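Report on the following structure.
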Amino acid sequence: MAHESFEDEATAAYLNEHFVSVKVDREERPDVDAVYMEAVQAATGQGGWPMTVFLTPDAEPFYFGTYFPPEARHGMPSFRQVLQGVSEAWTGRREEVAEVAGKIVRDLAGRELPYGDTQLPGEEPLGQALLGLTREYDATHGGFGGAPKFPAAMAVEFLLRHHARTGSDGALQMAADTCERMARGGIYDQLGGGFARYSVDRAWVVPHFEKMLYDNALLSRAYAHLWRATGSELARRVALETADFMVRELRTNEGGFASALDADSDDGSGKHFEGAYYVWTPAQLRDVLGEADAGLAAVHYGVTDEGTFEAGASVLQLPQGDALSDSERLASVRDRLLAAREERPRPGRDDKVVAAWNGLTIAALAEVGAYFDRPDLVDAAICAADLLVRLHMGPDARLARTSMDGRTGPHAGVLEDYADVAEGFLALASVTGEGVWLEFAGFLLDHVLIGFVGENGALYDTAHDAETLIRRPQDPTDNATPSGWTAAAGALLSYAAQTGSEPHRSAAERALGVVTALGPRVPRFIGHGLAVAEALLDGPRELAVVGAADDPSRRELHRAALLATAPGAVVAVGEPDSGELPLLAGRPLVGGRAAAYVCRNFTCDVPVSGVEALRERLGRA
């Protein structure tokens, strides 16, 4: 609509004469997007973007839709016709319009989430959620549901945690098969690493080529956790390549991470097409590789004469053979194709730094770097965290939602910002042993307790003192990212495990009641909440590793603790009674040697000094 209507001179002139036009970036103002999307969905039964909403001067909606074409077609009015009709209604029937708007606002006010005294999630609702996911599982292609098919990072995390706690082979199989199918498919960039937004088909062949920071942060972490559970080399490779993609392609000059890469780019002729940067024809392979290696590449990556995309082009996949094949010849093929692709016009980049998405990225890079001995990735996580503290956190620890080019945006952070940034800081505390990250997480989570919690522990997406909208947004279900509600529950639970704070644990428990209500009904849309509930049922376990900083035994115990599959386990490492991390208080060395303590609610088993003994202790329920 931006190109077809908003940039059309006649349409723009009509808009400017009859309306006050406001174009909202839903990434900067997710609260505005949420309340009006709820109105659209309530009235029409469906939603989507672009979203077109007509409001009274009091911001009350009275007419809306999604996409309107520049010319009438297929029974759909043109955008100009809609504008004229709304203008005539506002001019000639204003009382009727005001009545409609008032009714819509009253109806929305009555849709407050019924929360009450919902019980904590236990074995039964989590078992029902697993059964629900099994019903939605695509046994042929992996993943859940049909086309378009989105990567299921949060559901995978739940399945991995459920397997770790219960030993469910079915849960692990669904997670592993889904991850393998995605990694072999066109949704994964076989040359440069990283995942596209979604697949337009159920077999993961043709993606919508836009690459989002949040998808890649969530998926890099999920693949690392799959490797941790299974030792899969495919999972290891994808976790690392995706982390490297984020650092290489999305890192900004200030050390944060940009929001996205566009789907379309110049095809070399001056015209923009979706996927132009990524797809290949057999002729293009021959131009880069020569006849013999082009044949190898075509077989290896599924490039056909007919093509799997448009105009005879193919999206690269790994449809057959060994996905991990690392022969020198194939490595050379990949390197040459990647180098040739680098010469193509690149997709545009949205340099906006979103606090929540950077928090997810910090957590992913910290863990992937620690698991695979990549200190450069941990350093990148620390740089991004420094940027958030320096630029996004005010002197009172209030968060700004976005920044760009080192300048903070004007909009206040929402619940997901506080929760996901706190999650990133908590991951850094576990990986680095630096208590300052735990302290910063505490500042943010204190704001959650003060500003975002309502009656009975229900959570809101905006703070109590945020700009007043027609309705205060509140949604516990996952969309492309964990909901602010369940992300906050997870961060609160982890912080409580690190510090022993009862108020933070109680808030997490109250918030998780929503998982009991929604988990059995819509498990695919509350996967993060289910994963947090698994952590709650397991404790979560608290792993304290003490020893001198230069002691190799401490480093080995620390690594073993980080690789523990216990759901939501938190790790503290440092000198005994150093004062930086509460979990280390009163945990002495054992016989002068480094030691590890496995605890729940700050009550610990007998400490161990060897890695194998720690693994054995962690293997016990």
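Just so you know, all these numbers are worked out from the coordinates, no wet-lab data involved. Just so we're clear, the structure is a prediction, and the values are computed from it rather than from any experiment. Note that we place each Cβ from the backbone using ideal geometry, even for glycine, and neighbour counts take in every protein chain shown.
Descriptive notes on the structure:
- Cα gyration tensor shape for segment 81-223, rounded if a/c is under 1.5, else prolate or oblate: oblate
- Whichever aspartates and glutamates have a C-alpha closer than 18 Å to that of K23, once near sequence neighbours (fewer than 8 apart) are set aside: E4, E7, D8, E9, D31, D33, E38, D58, E60, D350, E467
- Computed from the C-alpha gyration tensor, the three semi-axes of the ellipsoid equivalent to segment 209-310 are 28, 21, 12 Å, from longest to shortest.
- Estimated distance in nm for a label pair at E9 and M404, the labels positioned 7 Å out from Cα along Cα-to-Cβ: 2.7 nm
- Debye, to nearest 20: dipole size of segment 361-490, +1 on Lys, Arg Cβ, -1 on Asp, Glu Cβ: 280 debye
- Above 19 Å, the calculated P(r) of segment 43-163 contains 68 percent of its Cα-Cα pairs.
- Hypothetical label at A59: residues of segment 394-420 whose amide nitrogen lies under 17 Å (7 Å Cα-Cβ projection): 401, 410-415
- Charges were assigned to the Cβ only: +1 to each Lys and Arg, -1 to each Asp and Glu. The resulting dipole of segment 264-346 about its Cα centre is roughly 100 debye.
- Under 5 Å between amide hydrogens, built in the peptide plane, is the criterion, and for T52 it picks out G65, T66 among residues at least 5 positions away or on other chains.
- Cysteines in the chain that lack a partner Cβ within the 4.7 Å cut-off: C179, C383.
- N16/I450 FRET efficiency (R0 41 Å; Cβ-Cβ; nearest 0.05): 0.45
- Cβ-Cβ FRET estimate between R26 and D305, R0 fixed at 41 Å, reported to 0.05: 0.50
- Per residue convex hull volume, Cα atoms of segment 542-619, in Å³: 80 Å³
- E124 paired with Q41, simple spin-label distance in nm, labels 7 Å along Cα-to-beta-carbon: 2.8 nm
- Full extension of the chain between F602 and A548 gives 17.2 nm of extra length, using 0.36 nm per residue less the Cα-Cα distance.
- Projected label points at D266 and H74, each 7 Å from Cα along the beta carbon direction, are separated by 3.2 nanometres.
- Label zone at R329 (point 7 Å along Cα-to-Cβ), backbone N below 14 Å, segment 282-314: 290-301
- Most positive-pole-ward Cα, Q81, H272, L426, against dipole of the chain from beta carbon charges: L426
- Whichever lysines have a C-alpha closer than 27 Å to that of K149, once near sequence neighbours (fewer than 8 apart) are set aside: K211, K352
- Applying 1/(1 + (r/R0)^6) with r as the Cβ-Cβ distance of R559 and R346 and R0 = 41 angstrom yields a FRET efficiency of 0.65.
- Cα-based Rg of the chain normalised by 2.2 N^0.38 Å, two decimals: 1.00
- Binning the alpha carbon pair distances of segment 264-346 at 10 angstrom intervals from zero yields the distribution 18, 52, 27, 4, expressed in whole percent.
- Within segment 458-605: Cβ-based charge dipole about Cα centre, in debye rounded to nearest 20 (Lys, Arg +1; Asp, Glu -1): 360 debye
- Rounded to whole numbers, the Karplus 3J(HN,Hα) couplings from phi for segment 8-19 are 7, 4, 5, 5, 4, 5, 5, 4, 5, 6, 10, 9 Hz, using 6.51 cos²θ - 1.76 cosθ + 1.60 with θ = phi - 60°, and x at Gly and Pro.
- For segment 161-209, the relative contact order works out to 25 percent when only alpha carbon pairs closer than 8 Å and six or more residues apart are counted.
- Rotationally averaged projected area of segment 2-109 (alpha carbon convex hull; nm²): 7.1 nm²
- Length-normalised contact order of the chain in % [C-alpha pairs under 8 Å, at least 6 apart]: 12 percent
- Dipole-positive endmost among G302, V105, A508 within the chain (Cβ charges, Cα centre): A508
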